Amino acid sequence: MADPRKVFGDLLRATRIAKGYTLRKFAEMADMSPTYLSQVEQGKTDRPPTAERVRTMAELLGQNADEWTAIAGRIPDDLTDIITGEPQAMPELLRAAKGLTADELRKLTEQIREQQKDGGKQE
Amino acid sequence: MKRRIANRKYKVPFLPEKRIEDQAQLLLDEWAEAHAPIAEPPVPIEEILELHLGLDFCLADLRTELGHPDVLGGIWFGDRLIKVDQSLDPSIQPKLLGRYRFTLAHEVGHWRLHRQHLMDDPSARSLFEANCEPAFVQRAGDDAPEEFQANAFASRALMPQQMVYEAWAQWRGSHDPVAIADLDVGDYHADRQANEQVAMERFCKPLAREFDVSAQAMRIRLEKIELLVKEVQPRLFS
């Protein structure tokens, strides 16, 4: 299996170039040194970017931040709070949802949103 | 694992300076045609390297990787990769921006001047495979022919003659050269020539800043195109 750091680094570099940013320019935009950005792109860093940093880079390049965070092998910061806020029910829900297709997950998300809306009206 | 530094088993042919100048200009013309004319300095060498030539580029701890304390950069033909030593990172050492850009332009020089020659050399085939050894490694003060040529290319790519003339005229108000005798040459070194170089580099700093090159690189270029001269020759009709 390919090293996720290398997979993320290759994706980052290809997207940066496609958007027309040089290494130094993009490093400046993302508030990091070109040396560190190089290490991330080459998949050769002992300090992989944090979820927040991945989100910043994804947004600067017009990409889906959650998808990039997952590719970078990180968990978005808000998810940690969500899981620890409901330490039993939330992991159970996630385990139950494991194996559903992307389409099925989208429908489930819609249902949850509807339910939240209805719940809000009743309150 | 330390990789062995490139050795000099691959020779490059002699190239006249005019040919090097033409090659540098050709690259700038290609950029202008594909993107936009370079109306004023600095020459966008980083864009040319990554966006036009499509070369991979990174800053890395080359001194450890290659096992030499004076390495500035290197080029891996097979991986289409240029590496610059992290000691030149301009975000950490802003004063080294000129040196950083010159190192990039130097490696681009190897790509444009020497790659085809080595591609035609059957004994150099391994340089064009993935995970190859560096074809050339730039070290401080190295004056081997291939390094001299790459420096000449970098100088001409970053400071094209016409662009320098125009910037000079705008700065000085004319195309007239300046003589070293007219500069305030101090007494920093025992060597007169070293003192003159210090004076010239101090003088040409504003132009160096405009072109994002070091004062040393600008001084050498200005001497080459005779805008900085030992003494101004008297004109026939003045």
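The values are calculated or read from the model by the stated rules, or taken from the named source; none is laboratory data. These numbers were taken from a predicted model, which means no experiment stands behind them. Every residue, glycine as well, gets a Cβ built from its backbone with ideal geometry; the counts of neighbours run over all protein chains shown.
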- Quick one: B:LEU51 ticks every box in (1) assigned to a helix (DSSP H, G or I); (2) among the aliphatic types (A, V, I, L, M); (3) touching a Leu at 6+ places or on another chain (Cβ under 7 Å) bar one, so which box is it? (3)
- May I ask you to list the residues in region B:23-50 that are more than 19 Å from B:PHE211 (Cα to Cα), within 14 Å of chain A (Cβ to nearest Cβ) and surrounded by fewer than 20 Cβ atoms within 10 Å (Cβ to Cβ)? B:ALA34, B:HIS35
- Message: Can you report the number of residues in region B:65-84 which are within 21 Å of B:ALA130 (Cα to Cα) and not small (Gly, Ala, Ser)?
- Response: 11
- Query: Which residue out of B:ASP70, B:ASP85 is of a type in the set (Asp, Glu) and more than 13 Å from chain A (Cβ to nearest Cβ)?
  - Reply: B:ASP70
- Note on the structure: Among A:LEU79, A:LEU93, the single one that is modelled with pLDDT of 90 or more and assigned to a helix (DSSP H, G or I) is A:LEU93
- Task: Could you tell me whether any residue of region B:207-218 is without any contact (Cβ under 8 Å) to a residue 12 or more places away in the chain and under 22 Å from B:GLN162 (Cα atoms)?
- Result: yes
- Query: Looking at (1) charged (D, E, K, R); (2) at pLDDT below 90; (3) closer than 24 Å to B:HIS106 by Cα; (4) part of a helix (DSSP H, G or I), can you tell me which one B:ASP142 breaks?
  - Reply: (4)
- Taking the condition closer than 13 Å to B:LEU104 by Cα, among the acidic types (Asp, Glu) and in contact (Cβ under 8 Å) with a residue 12 or more places away in the chain, does B:ASP70 pass? no
